[in-house]
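K.L.:
Dumping the structure here so I can ask a few things about it.
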Amino acid sequence: MTGTLAALGAGLAVIGAGIGIGNIGAKAMEAIARQPEAVGDIRSNMILMAALVEGAALIVIILAFFVK
Amino acid sequence: MRKIFITLFSALLFTFVLSAQGHEGHDHDDQTTHEHADATEHDDHGCACHHDEKYDAGATAFHHIADANTFRIWGDLYLPLPCILYAPEAGLSTFMSSKFELGGHGDGTKAIDRFVLHHGTVMRVADDKFPMGEVAVECFTSRKEGDEDVFQVIYQGQCYDLHKKSTLDGGVLGGGITSYYDFSITKNVFTMILGLILLLWLFGSAAKAYTTRDGQAPKGAQSFLEPVFVFIRDEVAIPFLGDKYEKYLPFLMSIFFFILGMNLIGQIPFFPGSGNVTGNLAVTMALTLFVFIIVQFSGNKHYWEHIFWMPGVPAWVKIILTPVEVLGVFIKPVTLMLRLFANITAGHIVIIIFVSLIFIFGDAGESVAGSIGGGIIAVPLTLFMMAIELLVAFIQAFVFCILAASYLGAATEEHHSEHH
C-alpha cells in the first residue's frame, strides 16, 4: 500500500516538474523570439532553471524508490 | 546510411534476443526446483538451497547500478579486484576477489575469514560460530525480518545471517551498523582510476600541443577539449565569478571534466565502462563536499552577513530569515548531490528496465516469440534513451559546474547592490 502511495507521489512530482519545465521552455522560446541576439544567455539560463526544477522532482522519485 | 542503420538495428536486436535465450538455458532448469522452493520459503528451517525467484526487473536494475567487488567482463569471466576488508575483531583481510571463486549470479562459492560474496558485493557473516579462513559455502538465501530482507549464507546445511553491506561511516548514516569496513578497489574505484588515466592522457596531450603547435590550428584531442574549456570559462566561470575567475577555474574544470568523463564512461554498456560512478551517492557526496568546503572558506564578510543578519530588512524578518538562510547553506549542497545522483541513476535504471522488457515479454526466456517482440520494442527505446543520456551526461556536468560557480560567486561577491 505504501508502495502505491509512493508511486502516486512520484507521479505528482513529475506533473509538477512537467508544468515547471514546460513554462521555462515556453518563456525561453518567447524570449528568444523577442531577442534572438540573446540566445546564448537565454539558453544557458534555461538549462540551469530546468535543472533546478528537475532536481526537486528527482529527489521525490528517489525517495519513492526507497519507501517500500 | 539507411542500410547501415537497418544492419545496426537488426544486429542489436539479434544480440539482445540471443542474450535472452542464453538466460533461458539456465533458468529453465531452475523452474522445477522453484515450485517447491516457494513452499519451504516460509518454514522456520528453510535452509535448503533454492534458486532464484522469477525474473525481477527492479532487482536487476538495482543490482546493475550498485557498486560491486567484482567486474564482469563477459559471461562468466570476471576481472579480479583487490578486496581490502577490515573487521574490528578479525583485523585486516586482503585478497583478490577471484579467491571467492564466483559461481552464477555473482555469488562466491568460498567464504574467506567470514567474508562472502553475494551478488557481487562482499558481506560478512554475523555469527561467531562460522569458521574463519577459507571454507566452501553452498548458496545464499534470505529471510524477512519485518519489512527488511536479511541475507543468509548456507554452510553445511546451516543458515548464517549476513551483515548488511558496509559503508565508510560504518552504517551510522543509514544502512545500519555493520561489523566490517570495506576499503576495496571496487568496480567504481576501478572506473575512476581508469577515467583518471584517460583524462590525464587527454589533457596531457592537449596541453603539450599548446607548446609544440603554438599558433597553429588545434588538432586531435585539443580540438575537442578547447571549445568545451572555453565554453565553461566564458559561460560559467566569468559570468558568475567576475575577475576572480582564474582562482576557481582549475576547480570548476576538474569538476566538470571529472563528471563528464564519468558520465560518458558509465554510458558504455560493456567492460571498461558501465561503472555507475556519478550515480553513486558517495561519489556525488564527495564532490559536493569539495564545493561546500571551498564555498564556506572563500565566503567573505558580505556572504556571512547575508546569512546571519541580512542587511536592509526589518528586525522581525531577520529572525525568520536567519534560520532559513542557515538551512540554505546546507540544503544547496544536498540538492547538488542528489540532482547528479538522481539523474544518472534514473537514466541507468530506465535503460535497464527497457532491456528487461525482453525478459518480461519473453517470460524469462520461456517464449521465443515474446523475446523477439520484446526486443523489437526494447531496441528503439534503448537507443532513444541512450541518446538522451548522452545529452544528460553533458547537461548534468554543466549544471553541477554552473551551480558550483553560482554558489562560489555568491560567496565571493564584493560589491553590493542596494536592493536585495
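K.L.:
Please work out the Cα center distance from region B:193-220 to region B:386-413, rounded to the nearest Å.
P.N.:
23
K.L.:
Evaluate the relative contact order of region A:2-67 (contact order divided by residue number), counting alpha-carbon pairs under 8 angstrom at least 6 apart; express in whole percent.
P.N.:
Relative contact order comes out at 57 percent.
K.L.:
For a 22 Å ceiling on Cα separation, which of these pairs sit above it: B:187/B:247; B:164/B:187; B:187/B:332; B:144/B:164?
P.N.:
Details: B:187/B:247 34 Å; B:164/B:187 19 Å; B:187/B:332 29 Å; B:144/B:164 14 Å.
Too far apart for the 22 Å limit: B:187/B:247; B:187/B:332.
K.L.:
Moving to a separate point now. If you take the Cα atoms of region B:59-150, find Rg, then find the Kirkwood Rh from the mean of 1/r over all pairs, what is Rg/Rh?
P.N.:
On the way: Rg = 13.4 Å, Rh = 14.0 Å.
Rounded to two decimals, Rg over Rh is 0.96.
K.L.:
Quick one: if you take sqrt(5λ) for each eigenvalue of the C-alpha gyration tensor of region B:264-356, what semi-axes come out, biggest first, whole angstrom?
P.N.:
40, 15, 7
K.L.:
May I ask for log10 I(q)/I(0) of region B:190-412 at q = 0.14 Å⁻¹, from a Debye sum over the Cα atoms as equal point scatterers with solvent left out?
P.N.:
-0.96
K.L.:
Summarise the long-distance tail of P(r) for region B:281-325 by giving the % of C-alpha pairs beyond 16 Å.
P.N.:
Cα-Cα pairs in region B:281-325 separated by more than 16 Å: 52 percent.
K.L.:
How many times 2.2 N^0.38 Å is the alpha carbon radius of gyration of region B:84-125?
P.N.:
Values: Rg = 9.9 Å, N = 42, 2.2 N^0.38 = 9.1 Å.
Taking the Cα Rg and dividing by 2.2 N^0.38 Å, one obtains 1.09.
K.L.:
Right, next: Whose amide H sits under 5 Å from the amide H of residue B:114, counting only residues 5 or more places off or on another chain, with H placed in the peptide plane?
P.N.:
Sorted by chain and number, the residues that satisfy this are B:133.
K.L.:
Further question on the same structure: Evaluate the relative contact order of region B:89-154 (contact order divided by residue number), counting alpha-carbon pairs under 8 angstrom at least 6 apart; express in whole percent.
P.N.:
Once divided by the residue count of region B:89-154, the mean separation gives 22 percent.
K.L.:
With N set to the number of residues, divide the alpha-carbon radius of gyration of region B:185-234 by 2.2 N^0.38 Å and report two decimals.
P.N.:
1.40
K.L.:
Quote the relative contact order of region B:190-412 in percent (integer), defining contacts as alpha-carbon pairs under 8 Å separated by 6+ residues.
P.N.:
27
K.L.:
A further question follows. Volume per residue, Å³, of the convex hull around the alpha-carbon atoms of region B:224-263?
P.N.:
60
K.L.:
Can you give the mean number of other chain Cβ atoms that lie within 10 Å of the Cβ atoms in peptide B:396-407? Kindly include the intermediate steps, with their values, before the conclusion.
P.N.:
Values: counts 2, 0, 4, 8, 1, 0, 5, 4, 0, 0, 1, 0.
Per residue, the number of nearby Cβ atoms from other chains is 2 on average.
K.L.:
OK, next. Taking only Cα atoms of region A:2-67, what ratio of Rg to Rh do you get with Rh as the Kirkwood inverse-distance radius?
P.N.:
1.17
Each reported figure results from applying straightforward, stated rules to the coordinates on display, with no laboratory input. All figures in this text were calculated on a predicted structure; none of them were measured in a lab. As a convention, Cβ positions derive from the backbone with ideal geometry for all residues, glycine included, and neighbour counts pool all protein chains shown.
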